[in-house]
Structures are given as structure tokens and as C-alpha cells.
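Here the structure comes first, spelled out in C-alpha cells, and everything after it is commentary.
Read the figures in this text as sums done on the coordinates, not as results from a lab. Computed from a prediction, not measured in an experiment: that's the story for all the values here. For neighbour counting, all protein chains shown are included, and Cβ atoms are generated from backbone atoms with ideal geometry for every residue, glycine included.
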Amino acid sequence: MTGGACVGDPNNDRYPDIFFPSIHKNGKLYINDQNGAFLDKSTEYFGYDMNKNKVNRGNACMFFDMNNDGYDDLYISTVGHKRFYFFKNVANGTKYEDASFTAGLENKKNDASQAMTAGFSMDTADVDNDGYLDVVTTEWLPLLNLSPRDIQFGKAPPTNSRFFLNLRNETFLDFTAKANLEPSLHAPKDLYFEKMCDELNKKDLQYLMSKINEPYKKSESSGVTLCSKPACTTLC
Ligand SMILES: [Ca+2]
Ligand SMILES: [Ca+2]
Ligand SMILES: [Ca+2]
């Protein structure tokens, strides 16, 4: 899915809750009342005035527990904005605080390029088997951010397609290049959907992608081992 709602359990009561991102408004969090209904708890969790756009240009979203405290944290990709949003779950599952920059998940565009985000789907998996979930994000049109001069000199695109390694201290490291996942100038455009998995349980990463009107397929760089020694010795 390129964008849309996500399901998680931010209050850790074992009843699934729903977040709906919004391009033009803040997005809404509905908490399961355990009786077949969902209650809009956006203001309580985010503390924002719904009439003011605090979370701009939301597109896709994903709940995942980045620090294994039992409470799902929330990541939101954006389109046509300067950054993504990452919300840390605090106060025993009753509030979210914007931890985008402290966690290293702001996924900003290259400041010099004046480029805007084009974030699409995201996924999470424990790629290095350290017990902490890692994150992959994708971008709709990675080459939009390049000037003709950038392309001429082969500059790597400052794309929102990133792989973030969880450093187990509530921060993430952009590990895209070291994981051999940096989109190249010849990378497929319109990369819409990704999935990380370990289908053969070989403790490595298969990186799956699809393009418009093409079937879901495994990328040529499948089987990237992210924590082979010695590359990750100091990081994992
Ligand atoms: Ca719940
Ligand atoms: Ca958490
Ligand atoms: Ca991990």
C-alpha cells in the first residue's frame, strides 16, 4: 500500500487501534473501546488543535515498537513536505511526542535542493536479529530531486527511500548505502511498494519491490546480509 491507514496497539490493551494519516489535516487516531467501537483520541494522544496543521502532508503510516516497551510508536511518511514524522509513545501508552529528529527518522530532503518529500509505503523488520525493529521507507519519484547538473555529475539522489538501522537506544542510523540499498540514478522509477522479509530464514534480507502495472518481484540485490562481520561489528 502506498498510503493509507495503519493498525497497531498504542495503548497495549491487546485490542487493535487505527491511525488515519491525512494530506491536508493532522490525521486521526482511533482507539478501540473493547466493545466494537473506536473513539477519536487524536487530541489526547497528540495534544494538537485539530484546526491547525501540525502533522502536514501525511501519506503512509506504520505502528511499530521501536524500544520494546510494549507500546507501539508511530511513523508517518509525507508527500510534498520537508520531513517525515516519528512519534514516540510515552506515558504508558497514553501520549505521543514528536521524536522525529532525536530518533534520526526525520527523513529530511537535501536542504540545498529545496526538494519536497514523496514518501510512500514503509515497513519494519528485525534485519540484523538483535531484537530491535529496523525500518525501510520508500519514495514515489526519487529522481525528481535531481537537477540536470546533479544527473550530469552522477550525484546520488537525496531520496526518501532509506533503510534505518535501530541502534537500540531510541535512535536510528541511516544504513542505506552500507546495506547496498542506495537507489542509483538508474534505479527504477515509480518504486511503489517494498517488503522486507527473510523468506528462507537465512537471517538475511530480501528486498522486494513493485512498479506500476508490474508484478511484485524480488530485487536484484536480494540476500543482502546486513550484519556480516566485520562490516557491522561496531554497529550491531
Ligand atoms: Ca489498543
Ligand atoms: Ca515503544
Ligand atoms: Ca534490528
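For residue 121, the residues whose modelled amide H falls within less than 5 Å of its own, excluding neighbours fewer than 5 places apart on the same chain, are 138. How far is it, in nm, from the label point at residue 126 to the one at residue 69 when both lie 7 Å from their Cα along the line to the Cβ? Here the answer is 1.9 nm between the modelled labels.
Listed values for segment 126-140 are Karplus-derived 3J(HN,Hα) couplings in whole Hz (6.51 cos²θ - 1.76 cosθ + 1.60, θ = phi - 60°), namely 8, 5, 9, 6, 9, x, 10, 6, 9, 9, 10, 10, 10, 10, 5, and x replaces Gly and Pro.
Each other residue within a Cβ distance under 11 Å of residue 117 adds +1 if Lys or Arg and -1 if Asp or Glu, for a net charge of +3. Computed from the C-beta positions of residue 101 and residue 39 and an R0 of 25 Å, the FRET efficiency is 0.25 to the nearest 0.05.
Across segment 160-169, coupling constants 3J(HN,Hα) worked out from phi with the 6.51/-1.76/1.60 Karplus curve, θ = phi - 60°, read 6, 7, 10, 10, 10, 8, 6, 8, 6, 10 Hz, and Gly and Pro carry x.
Each of 28, 178 was scored by other Cβ atoms within 10 Å of its Cβ. Listed from fewest to most, they are 178, 28. Residue exposure proxy: 162, 83, ordered by other Cβ atoms within 10 angstrom of their Cβ from fewest to most, comes out as 83, 162. Along segment 4-18 the Karplus relation, 6.51 cos²θ - 1.76 cosθ + 1.60 evaluated at θ = phi - 60°, assigns HN-Hα couplings of x, 6, 9, 10, x, 9, x, 9, 6, 9, 6, 10, x, 10, 10 Hz to successive residues, with x for each Gly and Pro. Once the Kirkwood radius over Cα pairs is known for segment 13-99, the Stokes-Einstein relation at 10 °C and 1.306 mPa s delivers a diffusion coefficient of 120 µm²/s.
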